[in-house]
Every structure is written in structure tokens, then in C-alpha cells.
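Asker: Could you have a look at this structure, given as C-alpha cells, before my questions?
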């Protein structure tokens, strides 16, 4: 899948558009997305830290898009483990997703959120995914 | 902690306010929050399914607030496993969090998202948490 | 599935026989197994604590057997999260498994290890499973 | 920590000795252990596949020893996610552990089990760990 094709899928979600997610790289089973956590994505008013739920959103999206980009098919998240390593500051952010295994039924992928200014990994995730027939959600 | 005290903490996050999270119940190590997934929280435009990142946000919040309500102290998420059982429709939602263990350093809590109309569990989570000194984020 | 049928499957594994696992209860999607951690299952020589790998083995077995007992079909573990709550002393032990969801392709189940003398939960787990065609292992 | 020092700790567990675990490499936050799954570690009699509980044992051990080797202190597993990618055949096996983060209180480490003959990854894990005061088990 090409970056512009993947970008179209990314843009289907209002949440991804809010986070200004742009596909920076698609290669084999790896995708890189750049974005930005705004005021409404912070942990609390006046905080300098992005909400953990937003971090999970980014990781889930990157891992899922890595599987979609590799296979050209749609995948749904079955389960996801998120490890919060350190706070992700608001502002520019980068999230990478990588396919571990794309099986006939089950896929595995990981993802990492990096704070681009410091280059530090702020959170990482590992998830299990299932191929979906339609784009209407989880179809186990 | 009383429901109104917890509500004040819940309201500190713009994301929680967007999701209209109201504390419905606080008792021992259990909290129940009612809310609403709006247009901007859906998986994609025209979809009837809430974005998985929003579901993770709800579960993380409920589990963390269960620990906060029980102990009166602040906790940060160390890691979280989310299991997506079935799509959560947009609109009204309910999320419950429950403390499993509140240790000296480490806490464990679980959470469940239910679709109130059908009464069905849509997702569940288990997480590990750490007591934080200040409210500025993860302090391992 | 009846307790004696399930016991035959449990006994197929040398590791389960070493742990003296006996099916105490099978009902709907729930199974209870009683067993015993011997000298060779302890964390280290002279320790009074069961090895964490043995605890994971018990949890995985109980969750998988809950799915097998409910459906009469074989399931393989796709992924498993184990939470170690407190040390499990050597000697008598009890592990319960419970089905959360038995879908067409994907199953979810949880398990808890209890120290029967104290009644305390020592570890718990949540896992994702896949129906297998043959008993030769993971068939994703 | 030197390989021979780590080997002494590895050998304290009867289960590790049964699996013939030998420290092949220790460097920074990375350890490699070689071992062997025997008859009693197989999924069932006559099976060619190692029991999932043994795989979890290997991953837990390698991740924990990576933290111990890096810091010279003892760590206990708080939680562990295991992903079973494909069956691990009985016989020779290799497991590597790597530190992700060694914080003041909390550590994170990952591990991978490889089948040395084929070079294929059979399972991987990510875990959260806590520094322990004594070697008597989990001390949260």
C-alpha cells in the first residue's frame, strides 16, 4: 500500500484528523505516522503531558495500519498491551507500527510512540489482531 | 473519596469532559462512570462504532479512578491490557473500574465497558499502576 | 464435557501430571483444578515460593481447559497476560479458569490461582485463544 | 554481572536446571540462554511441541535475568504478556531477554524464544518488574 492510500484510511477517523496524523513512511510491514497532541489531548488542563488514552489510540492505530499496509486488508484489534515508559509531552509526536506476524486469521504487531524532540520512547505496545471481512468493527 | 470529589478529578481532563463522564457510583474499590461517545469519537465518519482508542481511554480512566477513589492518592498507569470483545456503539456508554490490589508501591485494577442499552460487555482491561508523588505523570 | 473426559485431556501433559492436576469442577464455561507444587516447581532450592513459570503454566492450562470444556473443541493460546499478585507457596494449590467469550474463531478466557489454605488469590490471567483444527499446536 | 555469576543464579531454580539453561551471552541489558526441552516439557505425550507453560517460564526467566544482569539487583515479575507465535519444537532452544527500562522502582523487559535449528521466533513477551528487597518473592 502506498503512503497516500494509507493516508486516506487514516483520515477516515475524526480522532486521527484531530491528532493531525500524517503517514511519513510505509515500507514492508512498517509504518511511521507523525502527529500532534493539542490542548484537548492533554492529561489535564495546564498539564504538559498527553493523556494515556491518546497514547493508546496512537499505538493501536500504528499497529493496525502496519498490518493493513502490509496485507491490503482490514484488521481489527483483538487485544492490546500498552506499556507507558515515560510521559509524552504535548505537541509534536511520532508513532511507528511494525508487523510481527500476519497469519491467515491472526496478526500480531507492535508500536512505539516517540517524542521527536528528545528522541525518547514514551510508550510501546504489542497487540493481537484479526482479519475483518467488512470495516464495521470487530468480527471474531 | 466521595462521588463529587472524584468528579472534580475526572473533569480535569478535557478528554473526559468531551466524553461527558459522570461518576455514577463510588464504593470501596469500585467506580462506575457514565458517558457518551459523540461523532468525533467514532471509528470513522458514518460508522456506528466507537474508536478503539476511546475505549482504551475509558478503561484506563475507570481503572485509575478506582485506585484513586480507594486510596485518596494519585496513581499512574504502568501498563494496560485491553481486550476488545465486541464493537461499542456510539452514544451512551458505561465503564466500571475495580481495584484488584492496592500495594505500597504497585496497584492492580480492572475495568469493563458496557453498552447500557444492550447490557453487553464490549471491552475489558487489566492494568498495573504505580503511586505517583505529583500529578505530572508517570513517576517510576 | 464431563469432569472425567476433561481429566483425560489434562493428563495428556507430563507437566500437568507432575503438578498432580485433578479436575474438581466443570460447569458451563468454568473449570476448577486442584494440584500441588512440589520441590522441583519452587522458585529456587529451599524457597517456599512456586516458580512464576509454573504459575503461568497453571493459569494457561485452566483458561484453555475452560474453553475446551465449554465447546468440546481444542483451543490454542494466542497470547496470555499474567498478573503476579503475591507469591504462591509450594504445596497444595487451586486454579480456576473461566470463559469470557467463545467466538467462531477467537476465544477469551481468564484464570485465577488461589492458595487454598489462606484462600488468597496469588495470580490471575487473561488470554486470547484460537480454535485449532488438530492437536499439533498453534494453527493461526 | 559476568556470565558465570548469572549462571549461578540461573542454577538456583530446579526448573532451570531441568531445562539445562546455560548463559551464552551477557552484555549490557541483554542476556542469551541456551537450553533444551525434554520429554517432560512437551505439550503432551508423543507431541513434538513444547508446553506453553514452559515457553512462558523461559521468557519470564530471560526477561528477569536481563534486569538482574544489568543492575546487579533482584527483580520480581509484576506482570507478563506472552505472545505465542508458533509451536516451539522439543529439543534445543534459545531464549533472549532484553531490558527496556530499569527505573528506580519499576523495570520493563522483553524476551524472545527462538528455535535454533530453524532460526524462527516461536514466542515473545513483554513484562513489568519490580526491584525486590530479598529473594523471597514478590514484594510490592
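Asker: Take every Cα pair under 8 Å in chain A that's 6+ residues apart, average their separations, divide by the length, and report that relative contact order as a whole percent.
Answerer: 23 percent
Asker: Between the label point of residue B:17 and that of the same position in each other copy, find the distances and list them shortest first in nm, with every label point placed 7 Å from Cα along the Cα-to-C-beta direction.
Answerer: 2.3, 6.3, 6.6
Asker: Rounded to whole angstrom, how close does the nearest chain A beta-carbon get to the axis mapping A onto D, and which residue is it?
Answerer: A:81, 2
Asker: Residues of B:11-21, mean number of Cβ from any other protein chain within 10 Å of their own Cβ, rounded to a whole number?
Answerer: Mean shielding count: 4.
Asker: Angle check, please: helix B:52-71 long axis (alpha carbons) against the longest principal axis of chain B (alpha carbons), in degrees 0 to 90, nearest 10.
Answerer: With both axes taken from Cα atoms, the answer is about 30 degrees.
Asker: Using the 7 Å Cα-to-Cβ label point, sort the distances from residue C:4 to its equivalents in the other copies shortest first and give them in nm to one decimal.
Answerer: Relative to the other copies, residue C:4 has label-point distances of 5.8, 6.5, 7.0 nm.
Asker: Can you give the Rg to Rh ratio for the range D:18-65, taking only C-alpha atoms and Rh from Kirkwood?
Answerer: 1.04
Asker: Helix-only mean residue ellipticity at 222 nm, chain B, DSSP H runs n ≥ 4 weighted -39,500 (n - 2.57), per residue, nearest 500. What is it?
Answerer: Computed ellipticity for chain B at 222 nm equals -7000 deg cm²/dmol.
Asker: With equal scatterers on the alpha carbons only and no solvent term, can you work out the Debye log10 of I(q)/I(0) for the range C:57-140 at 0.12, 0.19, 0.22, 0.23 1/Å?
Answerer: One equal scatterer on each Cα of the range C:57-140 leads to -0.35, -0.75, -0.92, -0.98.
Asker: Per residue of A:84-92, count partner chain C-beta atoms within 10 Å of its C-beta, then hand back the mean as an integer.
Answerer: Other-chain Cβ atoms within 10 Å of each residue's Cβ, averaged: 4.
Asker: I need the Kirkwood Rh of the range D:2-44: take the reciprocal of the average 1/r across all distinct C-alpha pairs and report it in angstrom.
Answerer: Averaging 1/r across every pair of different Cα atoms and inverting gives 11.1 Å.
Asker: Inside 10 Å of the C-beta atoms of A:96-104, what's the mean count of C-beta atoms belonging to other chains?
Answerer: 2
Asker: Sort D:72-81, A:5-14 by the packing proxy (mean of other Cβ within 10 Å over each peptide's residues), most packed first.
Answerer: The most tightly packed comes first, giving D:72-81, A:5-14.
Asker: When N counts the residues of chain C, how does its alpha-carbon radius of gyration compare numerically with 2.2 N^0.38 Å, as a ratio?
Answerer: 0.99
Asker: Please report the orientation-averaged projected area of the protein assembly as shown, defined via the convex hull of its C-alpha atoms, in nm².
Answerer: 22.8 nm²
Asker: Can I ask one more? Whole angstrom only: what separates the Cα centroid of the range A:1-53 from the Cα centroid of the range B:71-134?
Answerer: What the calculation gives is 24 Å, centre to centre.
Only the coordinates and a few stated rules stand behind these numbers; no lab work does. In this text the structure is predicted, and so the values were computed from the model without any measurement. So basically every Cβ, Gly included, is an ideal-geometry build from the backbone, and we count neighbours across all protein chains shown.
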